[in-house]
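The next block holds one structure in the form of structure tokens; read it before the comments.
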Ligand code: NIG
Ligand code: FE
């Protein structure tokens, strides 16, 4: 057999090769292959077996994993990738106890990033997005979801979406695009959120035609959009053929989790204050809970999403950074894996499902990403770690030794 790339001498290999999304107690069931090897050809995985058998394979390039841990490339299912400026001055306000929604109400928060994004040129936004993508890649991410939502006018939302599309072409990482025009109410529409949602939904056709986004998302929150408004808006999006996502029950318990299930969203995201009923409904649905514990940490709160209960009830959970300039400023999903262990009480096995196979399903990529199996994309990470439990355990640093995207070394 002749292949492009052979990764051999793997200590532990996590293939995460399961029919996902992986729900409930199945998230705690892990197959670990010891002493394995993986081969890729034309960017795809073509062979998985023991390192002993791999000696018969002729590879153009052989990578010795030196007994280290190898997993699928991480899948990051929720980011606000494209934005102008930064918001470091908000940290002092947070320290003084000014709540996140209060900062927003005063025209700061998301709205300050909206101003910076409106002012930024297309090229500057692209350059910045590519920078953050490099950093994600360095930390072991090989597929990422990216939301718009810092334009809040037609022109700037489209600018963000076009930047995302070009970044997907220019950067080796795969980007899945989500239209989050309904992220906040801009000052021009302060008195008329309905009219604003109308304006954003006028973009649906163009976004579809130009293939600028696969999903439509909305921030269902006090002072932003109500459950009723969200329902109507999302139904319109569904009719136009978009998959649905919701920023649900992040700060106030409005019933966004229940709404995500009701409208058949692919994911309900945040769910930090989901109700008992919301958790039950999530567990008996096909909607994946995308959990963002870094946001709770970064907003200085202590009400973490009840992901433990969600899994115990039978739900499928993914975990993400929520990378954005306000509520969670990090590209390091490994750090979030540690927070998931410490604050959500998830096991390392559950966490690996949450950042690979389930994260891929949460962004409609379950068929190609998040799993090491023949025919899948050759996206793998060699970690400076002796076993899979080590990554959440040793926190706050980058453990990625070699990141391989489509069979090519992207970062070493
Ligand atoms: O997921 N909640 C709304 N959106 C983001 C925060 C965006 C921002 O603060 O810029 C979130 O937390
Ligand atoms: Fe978010």
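Nothing in this text is a laboratory measurement; each read-out follows from the coordinates by a stated rule. Bear in mind that the values here come from a model prediction, so they are computed numbers and not experimental data. Using ideal geometry, Cβ is built from the backbone for each residue, glycine included, and neighbour counts are taken over all protein chains shown.
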Taking the chain as the reference, fit the longest principal axis to its C-alpha atoms, fit the long axis of helix 333-343 to the helix C-alpha atoms, and give the angle between the two in degrees, 0 to 90, nearest 10. 80 degrees
Which shape class, rounded, prolate or oblate, goes with the chain when its Cα gyration tensor gives a ≥ b ≥ c as root eigenvalues, a/c under 1.5 marks rounded, and past that a/b bigger than b/c marks prolate? prolate
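Sort 386-395, 139-148 by packing, meaning the average of other beta carbons within 10 Å per residue, with the highest value first.
On the way: 386-395: 17.4, 139-148: 28.2.
Peptide ranking by packing, descending: 139-148, 386-395.
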Of 397-410, 322-335, 94-107, ordering from highest average Cβ density within 10 Å down gives 322-335, 397-410, 94-107
Answer rounded, prolate or oblate for the stretch 286-327, using the Cα gyration tensor with square roots of eigenvalues a ≥ b ≥ c: rounded when a/c is under 1.5, else prolate when a/b is larger than b/c, else oblate. oblate
Would you mind calculating the relative contact order of the chain from Cα pairs under 8 angstrom and at least 6 residues apart, reporting the percent as a whole number? 22 percent
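Under the classification rounded if a/c is under 1.5, otherwise prolate if a/b is larger than b/c and oblate if not, where does the stretch 174-269 fall, given a ≥ b ≥ c as square roots of the Cα gyration tensor eigenvalues?
oblate
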Listing 171, 58 by rising number of other beta-carbon atoms within 10 angstrom, fewest first, gives 58, 171
Ranked list, fewest to most other Cβ atoms within 10 Å of each Cβ, for 87, 308: 308, 87
antiparallel share of DSSP beta bridges within the chain, to nearest 5, in %, is 45 percent
Given the -39500 (n - 2.57) contribution per DSSP H run of 4+ residues, what per-residue ellipticity at 222 nm results for the chain, rounded to the nearest 500 deg cm²/dmol? -9500 deg cm²/dmol
Rounded Å value of the spacing that divides the Cα centres of the stretch 1-44 and the stretch 213-275: 34 Å
Full-extension gain in nm, residue 373 to residue 50, via 0.36 nm per residue minus C-alpha separation: 114.9 nm
Order these by the 10 Å Cβ neighbour count, fewest first: 2, 235. 2, 235
With Cα coordinates, the longest principal axis of the chain makes an angle with the long axis of helix 227-239, in degrees rounded to 10, of 60 degrees
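If you take every DSSP beta bridge fully contained in the stretch 213-343, what fraction is antiparallel? Give it as a percent rounded to 5. Write out the running numbers ahead of the final one.
Values: 1 of 17 bridges.
If we restrict to bridges inside the stretch 213-343, about 5 percent are antiparallel.
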Considering only DSSP beta bridges whose two residues both sit in the stretch 1-159, what percent are antiparallel, to the nearest 5? 55 percent
For helix 154-170, what angle does its Cα long axis make with the longest principal axis of the chain, in degrees from 0 to 90 and rounded to 10? 10 degrees
For the stretch 179-204 and the stretch 339-412, what is the separation of their C-alpha centers, rounded to whole Å? 36 Å
